[in-house]
Amino acid sequence: MSEAMVSENCSTAADGIKICYITNGNVGVSFDDDDSSGPSLLHDITVVVVTIIATCIALAAYNYHIHCQIQNRKKNAGDDNDNETQPAESEAETLGRSALSQLSIAASLAHIEGMEASGNFLSGLFAQMWHHTNIAVSNAIKETLEPSLKEMNLHFVKLDLGSVPIQTTNMFIHRVDLDSVHAGKTTKQKGIQIDVDVNWNGNCDVMLQATINRGVKFTFGVKSIKLSGRMHILLGPLTTELPIISAVQYGFANPPDLRLDFSGAVKTINSLSFVQTQLVKVIQSSLASVLVLPQRMVMPIDLGGYDYLDTYKPPVGMVRLTAVSGRGFKIQGRGPMKDIPDVYCLLSLGASSDVFKTSRKMNNLTPSWKDEHCDYILYDVDQKIYVQAYDWDKLVDSDDKLGNAEVSVRDLFRNNGTMELELEMKGRKTESYVTVLAELFHLSDQVYSFSSLMYEGKNQLCGLVTIIVTRAFDIPVPKEDAATHVKVVYGEGSEHEKIFYTGTVADYPGLDALNPMYDSVFHVPLTATMLKHRKGSHGDSKEYDWSRNNIVFRLIDADGSNGSAGRGELGKFSVTHESLRRAYKHSITETRLIGGGGASLEFRVILSGMQSESEKSQWAARKLSRLGLPQERIDLPRSMYGGKYERDTNVRVTALRGRGFLKEDDVLDVYLIIKLNSQRQTYRLEDQPPTWRTATIKDDTMPQWNETKDYFYIEPARDFLRVDVWEENAHSKDECLGSANFSLEKLLRKRFLEMELGDESSLTKSYVTLMCVRL
């Protein structure tokens, strides 16, 4: 596996602004001068996003009455697509059938149900807001690109996006599940995803100045921009408290198509054409760093209920790509100059900088690479697979391109994971074909793939480490000086060392610099080679040296926004690979002290193995919870959120409301009995009794109690509240309608928590909401 296969994050610093790009999280921006436009820009973006959300909700409500018809239409269309398969060679068909057992879930991912819309309402919304959007986005582009342009001796003279607004078409709205892991248990939280095509044919007015040397400068412009791509807007998790949506995430599934029409010197002087190419690369790179999967912009909406650990959307899994074979390649030249092509292919996925190169098949018009594979992290089935075919030329440095093709993973899975793609050259078909195969592997808490021969091949992965940095507490720096970020190092000092940075959080209105939220996630793909380094001076020990896979967290204070000098490293700690292997479900979530100044850092690290569909089914049937290390001790979780273990905490619990209390045609009279279940054997005399009954709310399917009780000296990580819901009957015995257990630790973190009631056999579709705060 080449080093390029593991993605890395980077930070770029320049005079006046510091930007740290993070994976799948926010962009941390810190300005050196106090009169920057950062807060106003954030306000404008917030207004735009909240308006879009409100409109999307209205659209969903308006279209609800045609939901069933649209579902049936899409299902029928999906069945038709399945029948219209591309012709493929028998070898590819055989491989496709052998992989079919692994693609059952892949096929279900490719066919999803939802609601279609034209996207016209969003286009109209952008049209009405375009004046404000122009200013806000122009500022953001200038601030984001200026550092990179300075390295090319370029700077903006003028930046105006013009009068043509962004157009949106082909909208698809569907529900998604967001996995929430607490104490090793995975629960599903609902979200809504909006997939929409974004097209912009802008009549912009952009002027840049290039400096060749001290005395030579020239100005050129960009008179039009064409940008198109498919954007995902993820709303969730959804709650039953206003504003309903906890956060918004948005980004492109694949790098958007970008075309610039230049004017001025670079258009007329051929020697300056390199500027055009470099400028396009800079813009594409900047977009990919923040707005193309795996990166997403994240914006909290409900700050009271927002929790990045619930908002984070994990990868779909791993996908193994194979360029199975090719056909239709032609002999070049005539007579003694005939050249039978020496064909090889380049494969890549989405915005990954990781490009897999097959072997060269010398003098072959029907090459085959069926035994050559490469694994990628699959973040969304709408990511595209890019294929390029080349003819190797040993006499010159550059090889001849034979064509390129692309296909989305979704379309590939709809076709049983294999498809023959016709190559194109400059938009023209070449009558040459390459057959591509994709296999889906699941991420699993079973880590036997670390030692399985099936996952030891060249360019193959065996697992994944997910590192989530959510927030820090009690930064020991004056608020006006604080500007902190977290540096994460995987495998420090080893040949596979990987370094990541969160964004920098400084003192600005609306930001808490002493309790900063980083909301960053990083992924480290694992290979068998990374995990099999043995101990001993010559690697001759039977034991593996897992210290080469430890994770080091460093809290760093940079120069403050007020010009104060940074204090450097405030503290560090490590999460060992061995502790991850021992941890329950190989997941550690903690709030751990970092440094000696009293600061603490909240994080989650997940160690995942890989499973094919058949492997997953086998282990589920055998009811194995672990495999690979049966002799090791497993550390059971003592807390949902780990490290910050609290004792003798005083809390106030409020029984807020319920819903769904209807039995046949009878509206029920409902009351609650709430009992504290504690690990303590005795209570102090001053403690109140641990059980209380609410008032009875009569004839109301949505009762509201709004009754409060204080609890003293509890242990949130261990104690919970049992809520029993009863129907009051005047002439017979009261009837229990269901029960639910509320974790006090989770209730304190969420503040508001709704849970569905259950009886002895099933869930009841009735709900109760509690609120909890510290005293």
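The values are calculated or read from the model by the stated rules, or taken from the named source; none is laboratory data. Not measured: the values here are computed from a predicted model. Note: ideal-geometry Cβ built from the backbone for every residue, glycine included; neighbour counts use all protein chains shown. Quick note on the areas: whole protein, heavy atoms, side chains included, nothing else; ligands and nucleic acids left out. Shrake-Rupley method; radii C 1.70, N 1.55, O 1.52, S 1.80 Å.
Quick grid of which residues meet (1) more than 24 Å from Q295 (Cβ to Cβ); (2) in contact with a Lys or Arg (Cβ under 7 Å, 6 or more places away or on another chain); (3) modelled with pLDDT under 95:
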| residue | (1), (2), (3) |
| --- | --- |
| K338 | yes, no, yes |
| S352 | no, no, yes |
| V355 | no, no, yes |
| W369 | yes, no, no |
| H373 | yes, yes, yes |
| E420 | yes, no, no |
| G427 | yes, no, yes |
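Got a sec? Which of K401, K394 is over 22 Å from Q295 (Cα atoms), open to solvent by 40 Å² or more (accessible area, probe 1.4 Å) and not in a loop (DSSP other than H, G, I, E, B)?
Numbers: K394 fails: not in a loop (DSSP other than H, G, I, E, B).
Step by step, each of K401, K394 is checked, and only K401 is over 22 Å from Q295 (Cα atoms), open to solvent by 40 Å² or more (accessible area, probe 1.4 Å) and not in a loop (DSSP other than H, G, I, E, B).
Of all the residues that make up the stretch 156-173, how many are loosely packed, with under 15 Cβ neighbours inside 10 Å and more than 22 Å from S228 (Cβ to Cβ)?
2
Kindly establish whether Y448 is open to solvent by less than 10 Å² (accessible area, probe 1.4 Å), hydroxyl-bearing (S, T, Y) and in contact with a strand residue (DSSP E or B) (Cβ under 7 Å, 6 or more places away or on another chain). Reasoning before the result, please.
Values: open to solvent by less than 10 Å² (accessible area, probe 1.4 Å): no; hydroxyl-bearing (S, T, Y): yes; in contact with a strand residue (DSSP E or B) (Cβ under 7 Å, 6 or more places away or on another chain): yes.
In short, no.
All but one of (1) part of a strand (DSSP E or B); (2) closer than 30 Å to L753 by Cβ; (3) more than 14 Å from the chain's Cα centre (by Cα) hold for G304; which doesn't?
It is condition (1) that G304 fails.
Where the second residue is at pLDDT below 90 and loosely packed, with under 13 Cβ neighbours inside 10 Å and the first is more than 13 Å from S449 (Cβ to Cβ) and lies in the stretch 522-538, which pairs have Cβ atoms under 8 Å and are six or more apart or on separate chains?
H533/G539; R534/D540; R534/S541; R534/K542; R534/E543; K535/S541; K535/E543
In the stretch 723-734, which residue that is under 13 Å from F661 (Cα atoms) and open to solvent by less than 20 Å² (accessible area, probe 1.4 Å) is nearest to the chain's Cα centre (by Cα)?
V725
Any residue that is of a type in the set (D, E, K, R), at pLDDT below 90 and under 28 Å from the mean Cα position of the chain (by Cα) - is there at least one of those in the stretch 542-558? Quick ask: steps written out before the conclusion?
Residues of the stretch 542-558 of a type in the set (D, E, K, R): 542-543, 545, 548, 554, 557.
Within this subset, residues satisfying the condition of being at pLDDT below 90 are 542-543, 545, 548.
Filter again for under 28 Å from the mean Cα position of the chain (by Cα), leaving 548.
Scanning the stretch 542-558, I find at least one residue that is of a type in the set (D, E, K, R), at pLDDT below 90 and under 28 Å from the mean Cα position of the chain (by Cα), so the answer is yes.
Keeping to the stretch 307-323, report how many residues are open to solvent by less than 10 Å² (accessible area, probe 1.4 Å) and outside any strand (DSSP E or B).
4
Does S246 satisfy the criteria of being at pLDDT below 85, in contact with a Phe, Trp or Tyr (Cβ under 6 Å, 6 or more places away or on another chain), of a type in the set (S, T, Y) and crowded, with 16+ Cβ neighbours inside 10 Å?
no
Counting just the residues of the stretch 105-139 that are assigned to a helix (DSSP H, G or I) and modelled with pLDDT under 80, which one comes out surrounded by the most Cβ atoms within 10 Å (Cβ to Cβ)?
If we filter the stretch 105-139 for residues that are assigned to a helix (DSSP H, G or I), which is where we start, we get 105-110, 120-139.
Next, only the ones that are modelled with pLDDT under 80 stay: 105-110.
Numbers: I105: 15, A106: 28, A107: 17, S108: 10, L109: 19, A110: 22.
Step by step, filter the stretch 105-139, then rank; the result is A106.
For residues that are outside any strand (DSSP E or B) and loosely packed, with under 13 Cβ neighbours inside 10 Å, scanning just the stretch 735-775, find the one that is nearest to the chain's Cα centre (by Cα). Walk me through how you get there before you give the answer.
Taking the stretch 735-775 and keeping what is outside any strand (DSSP E or B), we get 744-751, 759-762, 775.
Still in the list and also loosely packed, with under 13 Cβ neighbours inside 10 Å: 759-762, 775.
Details: D759: 36, E760: 37, S761: 36, S762: 33, L775: 36 Å.
Only one residue fits best here, namely S762.
May I ask you to list pairs of residues, at least six apart or on different chains, whose Cβ atoms are under 9 Å apart, with the first in the stretch 451-474 being assigned to a loop (DSSP other than H, G, I, E, B) and the second being among the basic types (K, R) and open to solvent by 30 Å² or more (accessible area, probe 1.4 Å)?
These pairs meet every condition: S451/K532; E456/K532.
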